[in-house]
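Engineer: Pasting a structure here, questions to come.
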Amino acid sequence: MKLETVGKNIIRVDGLAKVTGKATYPQDLYMDNMLYGKTLRSTKPHANIKVDTKKAEKIPGVIKILTYRDVPYNHHGVLFKDHEVFCAKKVRSIGDPIAFVVATCEKTATKALEEIEVEYEELEAVFDPIKAMDEKAPKVHDKSNIIYKYQLRRGDIEEGFKQCDVIVEEEYKTSMVDHAFLQPEAGIAYLENDTVVVCVSTQYPHFDQLEIAEALKIPLDKVKVINPAVGGAFGGREDITMQIHLALATRLIGRPVKAIYTRQESFVAHSKRHPMIMRYKTGANRAGRLIAMEATIVGDTGAYASWAINILRKSGVHATGPYEIPNVKVDSYAVYTNNPFAGAMRGFGATQVPIAHEQQMDILAERLNIDPIRFRLENCFKKGSTTATGQILEESIPLERTIKEVEKQMKKSVVGGV
Amino acid sequence: MKKIALNINGEEYVVDINEDMRLIDLLRDKLHFTGTKEGCGEGECGACTVIMDGETVNSCMVLAFQAEGREIITIEGVGNGEALHPIQKAFLEEGAVQCGFCIPGMVLSAKALLDKKPAPTRNEIREGISGNLCRCTGYNKIVDAIDKASKYLKEEGETK
Ligand code: FES
Ligand code: FES
């Protein structure tokens, strides 16, 4: 077969527009008669709220202030519909949207935000996912904070640990990470006859379309989502941010409405990488073979589930790292807290666990007095290996080669930089 | 309101501005030079880089009135019409462009650097773009591209 693209350097289709500054991101769109929208967000992590917009509505230039009362179906979310378009009675994390001011210019919209009165009746909050798992912990939603448990079992874990000469038990924590894509969220919505058009940088236009249609209670074919240039995303544009606010505003007002988040608002508006607490117990025999591994992984998904289930499943699946271990027990949990919500970010749950399994490997190697590279080569996946989930790896397992190459490069003691 | 005159990409403009208007707002919202991007609004990211009298500035940190009588180059003023500037060509060829949001600023920082120092070392290139953040590429390909652009410019100079 003759390949026309694979193996060749191809100039990307949007490259020319991007090097000349002509690529259009949503903030670059301007329309006649356009209005500006600004979001009022919660400043408390857990509170009952009462919102009064009357004073703000009187400011000249303010066209409309949207709250939950304006939303036909006030829910959205990729897996669970646990986000509210605008919080009705309660806020669950700092940054939750409460209202959307639409005004003739940005300055007026910003001024109006300050005039909206929000009465917060603070509730006890929970920020530690381990505490949140306790039955008696404050409930973020009206049900258990534990929203998912994944279990993986291979071999006989107790028997396995009995055969180990060395066992290492440690706890590892990773922190919250923001994607910090360079283009802050921006969008513009307008009407095309009776169709609502939303231009927004998104990773998920077809699902945005569905969520907008559901929230507005209009047929799917009356919603059009246009995805112009996207200025980075890395998972952070998989959940709805401003899409429904813009669509609703333009539908109720009949004029184009634009919004651009500041960098600061961008940080509170979109998801984060799940912080994880990982308890590991790993054992090997004197010959340097891994025999057993037990891991409990708790992922803090903050106030909303987003992709927590898929992510904590993936962490569980990848908990052993690329090593063959005959006896495995993994429990992974996704837990609600009142922290900023976590969702997709590069690696989708596979990025956190190496912090734990690789340090376990180093400590074990040290205790066994084996070179850490030899120890990895001894145990790593090879052609024909069986993973903890029972998959037999039949092709393309270049790990041994990779480790050897890394070893070679390390020995060259290269001085950093390019 | 205040009236100022300035030169943008070789053309004279006389515009009405508000006293508190930033240069980036004048360029984008008033004149629609939307190739200038806003990534942070506080002088951290360099997406809003333009060249003012030969020096790069963050246009989010400059007030519009400070540009009175100055010469500004934005990304729209790099290259001439159809033909790409060697820097833009090199960025394309080296795959230095991903999401593109940092690229106008990167190209302008590269231009300001190469205008002053036609054959920079790789360290000098890194220094030259140290005010521009890129979240996509990891910078290596951008450094490769600027290195290549410097060679293109040298060849151009020799054929002239
Ligand atoms: S927008 Fe000016 S430096 Fe980031
Ligand atoms: S290409 Fe995306 S920020 Fe540089």
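Engineer: Hey, can you grab everything whose amide H is under 5 Å from the amide H of A:Val196? Only 5+ residues off in sequence or another chain; H modelled, so Pro and N-termini drop out.
Structural biologist: Under 5 Å from the amide H of A:Val196 lie the amide H atoms of A:Val223, A:Lys224, each far enough along the sequence or on another chain.
Engineer: Counting only other chains, and only Cβ atoms inside 10 Å, what mean value do you get across the residues of B:101-110?
Structural biologist: 4
Engineer: Tell me, what is the FRET efficiency for A:Thr43 and B:Glu44 to the nearest 0.05, using R0 = 35 angstrom and their Cβ-Cβ distance as r?
Structural biologist: Numbers: r = 24 Å, r/R0 = 0.68.
Efficiency, from the Cβ-Cβ distance: 0.90.
Engineer: Sticking with this one: Hey, how many Å between the Cα centroid of the stretch A:245-275 and the Cα centroid of the stretch A:166-214?
Structural biologist: 10 Å
Engineer: Shifting gears a bit: ³J(HN,Hα) across the stretch A:297-314 via Karplus (A = 6.51, B = -1.76, C = 1.60, θ = phi - 60°), whole Hz, x for Gly/Pro?
Structural biologist: With the stated coefficients, the stretch A:297-314 comes to 10, 10, x, 8, 8, x, 7, 9, 6, 6, 9, 3, 5, 4, 6, 6, 5, 5 Hz.
Engineer: For A:Arg153 and A:Glu358 in the same chain, what is the full-extension length gain: residue separation times 0.36 nm, less their Cα-Cα distance, in nm? Display every interim value, and only then the final one.
Structural biologist: Details: separation 205, 0.36 × 205 = 73.80 nm, distance 2.05 nm.
Separation in residues times 0.36 nm, less the Cα-Cα distance, equals 71.7 nm.
Engineer: Just order B:33-45, A:233-245 by mean Cβ neighbour count inside 10 Å, highest at the front, would you?
Structural biologist: Working: B:33-45: 21.5, A:233-245: 24.5.
Final packing ranking: A:233-245, B:33-45.
Engineer: Another one. Report, in deg cm²/dmol and to the nearest 500, the calculated mean residue ellipticity at 222 nm for chain A, where each DSSP H run with n ≥ 4 adds -39500 (n - 2.57) and the sum is divided by the residue count. Display every interim value, and only then the final one.
Structural biologist: Details: 12 runs with 106 residues, N = 418.
Theoretical 222 nm ellipticity from helices: -7000 deg cm²/dmol.
Engineer: Given contacts defined as C-alpha pairs under 8 Å and at least six residues apart, what's the relative contact order of the stretch B:2-77, whole-number percent? Before the final figure, lay out each step's value.
Structural biologist: Details: 147 pairs, mean separation 30.2, N = 76.
Over the stretch B:2-77, the number comes to 40 percent.
Engineer: Still on this structure: Check which residues have an amide H placed less than 5 Å from A:Leu40's amide H, if you skip close sequence neighbours.
Structural biologist: Amide H to amide H, under 5 Å and 5 or more residues apart or across chains, A:Leu40 pairs with A:Ile98, A:Ala99, A:Phe100, A:Val101.
Engineer: Here's another thing I want to ask about it. At a 10 angstrom cut-off on C-beta neighbours, averaged per residue, how do the peptides A:120-131, A:297-308, A:323-334, A:386-397 rank from highest to lowest?
Structural biologist: Details: A:120-131: 15.5, A:297-308: 27.1, A:323-334: 22.7, A:386-397: 12.5.
The densest-packed peptide leads the list: A:297-308, A:323-334, A:120-131, A:386-397.
Engineer: Can you compute 3J(HN,Hα) from phi for each residue in the stretch B:144-154, using the Karplus curve 6.51 cos²θ - 1.76 cosθ + 1.60 with θ = phi - 60°, rounded to whole Hz and x for Gly and Pro?
Structural biologist: Rounded to whole hertz, the list is 4, 5, 5, 4, 5, 4, 5, 5, 4, 5, 5.
Engineer: Return the distance in nm (one decimal) between the two label points of a simple spin-label model at A:Lys224 and A:Glu169, each offset 7 Å from Cα along Cα→Cβ.
Structural biologist: 6.3 nm
Engineer: What average count of beta carbons from other chains do you get within 10 Å of the Cβ of residues in B:26-39?
Structural biologist: Details: counts 0, 0, 3, 2, 0, 0, 2, 1, 9, 8, 2, 9, 8, 9.
Other-chain Cβ atoms within 10 Å of each residue's Cβ, averaged: 4.
Engineer: Let me ask something additional. Give me the number: length gained by fully extending A:Glu57 to A:Lys107, i.e. 0.36 nm times residue separation minus the C-alpha to C-alpha distance, one decimal in nm. Let's see the in-between values first.
Structural biologist: Numbers: separation 50, 0.36 × 50 = 18.00 nm, distance 1.44 nm.
16.6 nm is the gain from fully extending A:Glu57 to A:Lys107.
Engineer: Moving to a separate point now. Applying 1/(1 + (r/R0)^6) with R0 = 22 Å to the Cβ-Cβ distance of A:Phe80 and A:Tyr120, what FRET efficiency is obtained, to the nearest 0.05?
Structural biologist: Values: r = 25 Å, r/R0 = 1.14.
It comes out at approximately 0.30.
Engineer: What are the ³J(HN,Hα) values, in whole Hz, obtained from phi via the Karplus relation 6.51 cos²θ - 1.76 cosθ + 1.60 with θ = phi - 60°, for each residue of the stretch A:166-182 in sequence order, with x given for Gly and Pro?
Structural biologist: Result, rounded to whole Hz: 9, 10, 10, 10, 8, 10, 10, 10, 10, 9, 6, 10, 9, 5, 6, 3, 6.
Engineer: Let me ask you something else. Tell me the Kirkwood hydrodynamic radius of the protein assembly as shown in angstroms, computed as one over the mean inverse distance between distinct C-alpha pairs.
Structural biologist: Working: mean 1/r = 0.0374 Å⁻¹.
One over the average 1/r among Cα pairs gives 26.8 Å for the protein assembly as shown.
Engineer: What order, most packed first, do the peptides A:93-99, A:280-286 have when packing is the mean number of other Cβ atoms within 10 Å of each residue?
Structural biologist: Values: A:93-99: 22.7, A:280-286: 20.9.
For the peptides A:93-99, A:280-286, the packing ranking is A:93-99, A:280-286.
Engineer: Considering chain A as a Gaussian network with a 10 Å cut-off on Cα pairs, which listed residue, A:Val223, A:Val196, A:Val406, attains the greatest mean-square fluctuation?
Structural biologist: A:Val406
Engineer: For A:His274, what residues show an amide H to amide H distance below 5 Å, using hydrogens built from the backbone and excluding near sequence neighbours?
Structural biologist: A:Gly343
Just so you know, all these numbers are worked out from the coordinates, no wet-lab data involved. On a predicted model such as this, the values are computed, not experimentally measured, just so you know. Ideal geometry is used to build each Cβ from the backbone, glycine not excepted, and the neighbour counts take in all protein chains shown.
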